[in-house]
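Step one of this worksheet: look at the structure below.
The values are calculated or read from the model by the stated rules, or taken from the named source; none is laboratory data. Everything quoted here is computed from the prediction, not taken from an experiment. Ideal geometry is used to build each Cβ from the backbone, glycine not excepted, and the neighbour counts take in all protein chains shown.
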Ligand code: SF4
Ligand code: SF4
């Protein structure tokens, strides 16, 4: 294996056009945040029953994906798989960028975003949410240090330690994110310990899917060679993660079905929850899990870059659907305050909470993705994050052997 | 209730009197001030010797009556914008129909002023807090409007202010982008006066709501809680709510 | 860049304050520099205009209000001397057409615009005197909480003063 050469990608017109295009989304998101803030949240689809809406779907998705995007780096530094080493820097950068995007959404959706300073200075240490704020900021710092250790030759010897800390930190972080919901004893859909590990597995899949798409995109646009060997490794890994998420989703629903008092919410999500049921079965399970699995492992589509890209995109769409079902579906299901009674009130007691995503919310959510992409592209433009080649013979330690095998 | 102080008898006579009789009592300010002497002095902090609580007798709660809700909306200027999904509701009437027997009951639902409030536990900034005397409030000066407390409250007791407000009541500040809920009319309680909903219910002679200090064994609420069986809604969560119900 | 535009902004604000229209009103005041500040409705006492000497209030009113805010919200301390509500009752007119806080002629805004310090008190608090729908002193004893655990206390004259609001002319 040759020495890997990391290089900034070229600037020039296409780069700035792309950046301008993404920047447009960022501006639009700022505009909708201002619009929501100026008028008050009644202009969104959110209300007193569904208090967290589409912005939170995007935000939690991005935050979860951020920790997953670090996977590639962890595999290389912690588990010493050299094949992944050339990709470790991008992995770290993407992790920070995705987290920044998710946090931007969360902050802009606050009722009082102008009080960000309050959120930073007043802490209630009993609050899992407050802990998450610390975890998020810490994650950025730890990953930044990790990147520095990787990129500064003199510091290389610390890479493994830094990588290990980042790995532990991200596990805690995703557990924390899952616990934001897991600690809500009030709501049937959330009151379960399995949410935290499920979020970790979800992060693996979502983060890797985004990683693959970004990798494919950047290498295509910057005209750098990207070998099949590394790509196929990644897509196989993605397949494993998708399977694992499916397994956890299955366990989650089976345990819930085992607990009698949760039958109601299960019936709601799985059978008669209307849009939530459709999103669950059609988008999350069929389009977001089974189809990409088939695409990734099918002998012909599994070898096509186009199809691998599509499969990754499907995983992302399925992931957003999954978040939608968990976050919004979980709130829409009426809270059981009086078992055995039919409940009627002026405050939507006893009926499914109604929610329709509004345009500003969606634009704000997309803006978060745009922030993440913009940060990534600027990062690879100004610093040496990407190897100038990822061609098979340049990066695959087993390449000669495999070549021989293939020709034999 | 065998042994009662004179004050108790005196008080009960007033309470059982009709609304008109009571309203006819125009009390001179001087008299009121001696009466106020029973209240906590204005410059004294509340203490945990008291735990304010409320007992709601669903048998006395009238199905068509909405007076407690109206009184609350009036007191705190909660008139909405005609948008039920986003307008604030601190207290609401809930109608229950037994799935098996068809029996119908109604009751008011409000913040239960939990002893172990989930809203306070989850609040990232500490804006949601419990006063020494058990009243759970939002300090709107530090609330960032994240709505996590609304996710956590098992009683849907909280509302988010979705629009810009003006001319709020001086004792009940509320504003866009923050979360709010029933305050147990803390501004009244601090001056030893019953919450608006309790007064409204009394004035209609329904007397379905009893309010008082649950730590004081002699208070009317403690006596009633002792004599009759009552329930906490979602007692399984062990939040030790400050609002109890009879007859459900 | 940002600094530069801020300075320009400040400068134009200064100029705005000194337009002849506003300057004419200042004639009634003691000094002619600074913004036009509406007069209070009452005096705190014979000797003193505001609840603390005027200079002290100008410099430190926010400290007083902040302390009072925490005491009231968290501890239920309801003395009135430093409460924001009383500031408004005394310094802002309750006339229908009286200027709101988004108008530079509002007592708070007059200075805060001048000093370019933004305040967010009035997102939650009324920016003008509002007639309370709850008036403790007119409530009949029927509405008192029965058998309060607090033993009857004798109030010293200070406390009585605070409770009765005599000094502040609050309705
Ligand atoms: S009822 Fe809800 S809002 Fe009230 S104290 Fe309990 S958890 Fe908090
Ligand atoms: S909305 Fe306000 S009170 Fe509720 S959890 Fe967030 S900061 Fe705390």
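Listed here are the residues, each with its yes/no results for (1) outside any helix (DSSP H, G or I); (2) without any contact (Cβ under 8 Å) to a residue 40 or more places away in the chain; (3) more than 26 Å from residue B:149 (Cα to Cα).
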| site | (1), (2), (3) |
| --- | --- |
| A:66 | no, no, no |
| A:89 | no, no, yes |
| A:125 | yes, yes, no |
| A:132 | no, no, no |
Got a number for residues in the range B:149-204 being away from ligand 1 (no atom under 16 Å from the Cβ) and farther than 28 Å from residue C:94 by Cα? 9
Matching residues, the range B:123-134, being more than 9 Å from ligand 1 (Cβ to nearest atom) and within 24 Å of residue A:336 (Cα to Cα): B:123
Cβ pairs under 9 Å, 6+ apart, first in the range A:223-235 and without any contact (Cβ under 8 Å) to a residue 60 or more places away in the chain, second not in a helix (DSSP H, G or I): A:223/A:10
Which one is farthest from the other protein chains (Cβ to nearest Cβ), of the residues in the range B:118-130 that are over 26 Å from residue B:236 (Cβ atoms) and surrounded by 21 or more Cβ atoms within 10 Å (Cβ to Cβ)? B:127
If you check residue B:137 against the conditions, is it away from ligand 2 (no atom under 16 Å from the Cβ) and within 19 Å of residue B:112 (Cβ to Cβ)? no
Within the range C:64-80, the count of residues that are modelled with pLDDT of 90 or more and within 13 Å of the chain's Cα centre (by Cα) comes to 5
Give the residues of the range B:90-106 that are more than 13 Å from the chain's Cα centre (by Cα) and surrounded by 15 or more Cβ atoms within 10 Å (Cβ to Cβ), sorted by residue number. B:93, B:94, B:95, B:96, B:97, B:105, B:106
Give B:160, B:211, B:184 a once-over and let me know the one that is within 11 Å of chain A (Cβ to nearest Cβ) and either at pLDDT 95 or above or within 16 Å of ligand 2 (Cβ to nearest atom) (or both). B:160
If you check residue A:334 against the conditions, is it modelled with pLDDT of 90 or more, surrounded by fewer than 19 Cβ atoms within 10 Å (Cβ to Cβ) and either touching a strand residue (DSSP E or B) at 6+ places or on another chain (Cβ under 7 Å) or more than 30 Å from residue A:148 (Cβ to Cβ) (or both)? no
Considering only residues of the range A:114-135 that are under 23 Å from the mean Cα position of the chain (by Cα) and more than 16 Å from ligand 1 (Cβ to nearest atom), which is farthest from the other protein chains (Cβ to nearest Cβ)? A:135
Could you name every one of the helices (runs of 4 or more DSSP H) located completely within the range B:163-248 that has at least 3 residues being surrounded by fewer than 18 Cβ atoms within 10 Å (Cβ to Cβ)? B:220-227
Does residue A:30 count as surrounded by fewer than 18 Cβ atoms within 10 Å (Cβ to Cβ) and without any contact (Cβ under 8 Å) to a residue 60 or more places away in the chain? no
Is it true that residue B:141 is assigned to a loop (DSSP other than H, G, I, E, B) and near ligand 1 (Cβ under 9 Å from one of its atoms)? no
If a residue must be within 12 Å of chain B (Cβ to nearest Cβ) and either closer than 17 Å to residue A:59 by Cα or outside any loop (DSSP other than H, G, I, E, B) (or both), how many such residues does the range A:327-348 contain? 9
Which one of these does residue C:77 not meet: (1) more than 11 Å from chain B (Cβ to nearest Cβ); (2) free of Cβ contacts under 8 Å to residues at least 60 places away in the same chain? (1)
Give the residues of the range B:55-77 that are under 13 Å from the mean Cα position of the chain (by Cα) and touching a residue at least 40 places away in the same chain (Cβ under 8 Å), sorted by residue number. B:55, B:56, B:68, B:69, B:71, B:72, B:75, B:76
